[in-house]
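All remarks here apply to the structure that follows.
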Amino acid sequence: MKAMVLNAPNTPFAMTEVPDPVAGPGEAVARVLACGSGLTIQHVKAGRISAPFPRIIGHEITAEIVEVGAGVSGLAVGDGVTAYYYLNCGHCRWCLANLEPLCDRSGGNVGRNCDGGYAEYIKLPAHIFIRLPQDLDYRAHPAEIGVITDALATPYKVLRRARVRAGETVAVFGAGGGLGIHQLMLAKWARARVIAVDVAKDKFDACRKAGADEVVDASGGNAAQALLELTRGEGVDVAVDYVSSTTTLEAAAESLGRHGRLVTLGGAGQRFEVSALEMLLKEQDLLGSRYVTRSEILETLDLVARGEVWPLVSDIRPLAQAEALHERVERGEVIGRAALLVGR
Ligand SMILES: [Zn+2]
């Protein structure tokens, strides 16, 4: 099969002929139709996230099962599938409690610790594949359907994690990014008042289109003040930080009102200071949110199937153009998500 192989970190993709994967016991092979090109996998390509090389990256797939190995049940040839990003064990207390991102026997990630979706075929442990709902036309929209598993499902989970209710105010830090823009979309879907916070002025229009009621330009360094002014000094109910630098986390914490919830995920993951007294007096919550559970992916797929939300994929290209597409991802130029079309 043809595959876009990375032979070492921070090198260009090499279109390479590699052996077709064969399903062993408990595994399945799928033909890839499309694969999302987000910042996480660009971090692997650039060497900022470690991975064994050579590697075929990519996990936000739309694919069709072509082979199932011995002992596999629940998957059949011809099934439309996407993939769970974590190679979770499926058997530990966390997996059994429907908290798979916390799996304590995880084998890592699809497209990082095993080969991923930038190839004509992908082989995974069968339980990592997630069957697509019947009423989702994945053949007509493979790029959009592929990115649901991360770009849309991760922010969907945040609504749950932060207990977002209709009428509350949700501020999204890093709103112009691939996940941030889908967080705006989902917060709006949840009937919240939505405020986008970012430094990239060229993304502000897209933020408004995605659902932001207001946009705060954080480049002046006064995001917390702006959020307090927009809420008549009350503060926001929920601040979701996709940047998670010391600066954004402290601004997010400062912008929280009574019973406010701060959610950190992705980004820089830096240390920050908060006032314990403020947290106590206002009964605030500090929350980490890690990827998404399998059942939340199914719920997100259903939301799309019902037409309630639709992923924003603004740059879709053939696999052969992976290098040019990743240059745009690296420069932060993509609005929403980018994706590669692989097979038909
Ligand atoms: Zn587990």
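Bear in mind these aren't lab numbers, they're just calculated from the coordinates by the rules spelled out. Owing to the predicted nature of the structure, the values given are computational and were not obtained by experimental measurement. Here the Cβ positions follow ideal geometry from the backbone for every residue, glycine too, while neighbour counts run over all protein chains shown.
Dividing the convex hull volume of the alpha-carbon atoms in the range 1-43 by its residue count gives 117 Å³ per residue. Seen through its C-alpha gyration tensor, with square-root eigenvalues sorted a ≥ b ≥ c, the range 1-111 comes out oblate because a/c lies at 1.5 or above while a/b is not bigger than b/c. Spread over its residues, the convex hull of the C-alpha atoms of the chain is 127 Å³ per residue. Over the range 291-340, the Kirkwood radius and the radius of gyration, each from Cα atoms, give a ratio Rg/Rh of 1.09.
Across the cross-link table entries 2/209; 45/123; 123/203, which are compared at the Cα atoms, the separations over 28 Å belong to 2/209; 123/203. Scoring 99-105, 273-279 by mean Cβ neighbours within 10 Å over their residues and listing the highest first yields 99-105, 273-279. Radius of gyration over Kirkwood radius for the range 261-330, both on Cα atoms: the Rg/Rh ratio is 1.14.
If a/c stays under 1.5 just call it rounded; otherwise compare a/b with b/c (prolate if a/b is bigger, oblate if not). Do that for the range 113-172, with a ≥ b ≥ c from the square roots of the Cα gyration tensor eigenvalues. Taking the square roots of the gyration eigenvalues as a ≥ b ≥ c, the range 113-172 is prolate.
Among the trypsin sites (Lys or Arg not before Pro) in the range 169-259, those located in a DSSP loop and surrounded by at most 11 other Cβ atoms within 10 Å of their own Cβ are 232. Stretching the chain fully between residue 246 and residue 201 yields a gain of 14.1 nm (0.36 nm per residue, less the alpha carbon separation). Working note: Cα atoms of the range 144-213, range along each principal axis, descending, whole Å: 30, 30, 16.
Applying the criteria of a DSSP loop state and at most 13 other Cβ atoms within 10 Å to the trypsin sites (Lys or Arg not before Pro) of the range 280-323 yields 306. At q = 0.28, 0.30, 0.32, 0.33 Å⁻¹, work out log10 I(q)/I(0) for the range 247-296 with the Debye formula, treating every Cα as an identical point scatterer and leaving solvent out; two decimals please. Here the Debye-derived log intensity ratios amount to -1.11, -1.21, -1.31, -1.36. With q set to 0.21 Å⁻¹, the log10 of I(q)/I(0) for the range 76-180, from the Debye formula over equal scatterers at the Cα positions, is -1.29. Please say if the range 44-109 is rounded, prolate or oblate, where rounded means a/c under 1.5 for a ≥ b ≥ c the square roots of the C-alpha gyration tensor eigenvalues, and otherwise the choice is prolate for a/b larger than b/c and oblate otherwise? Here the range 44-109 falls in the oblate category.
According to the Cα-based calculation, Rg over Rh for the range 183-296 is 0.95, with Rh computed by the Kirkwood formula. The spread of Cα positions in the range 102-261, taken along each principal axis and listed from longest to shortest, comes to 53, 36, 29 Å.
Of all beta bridges that DSSP places with both ends in the chain, some 50 percent have antiparallel geometry. Normalised by 2.2 N^0.38 Å, where N counts its residues, the alpha-carbon radius of gyration of the range 195-252 equals 1.06. The calculated 222 nm mean residue ellipticity attributable to helices in the chain amounts to -7000 deg cm²/dmol, summing -39500 (n - 2.57) over DSSP H runs of n ≥ 4 and dividing by all residues.
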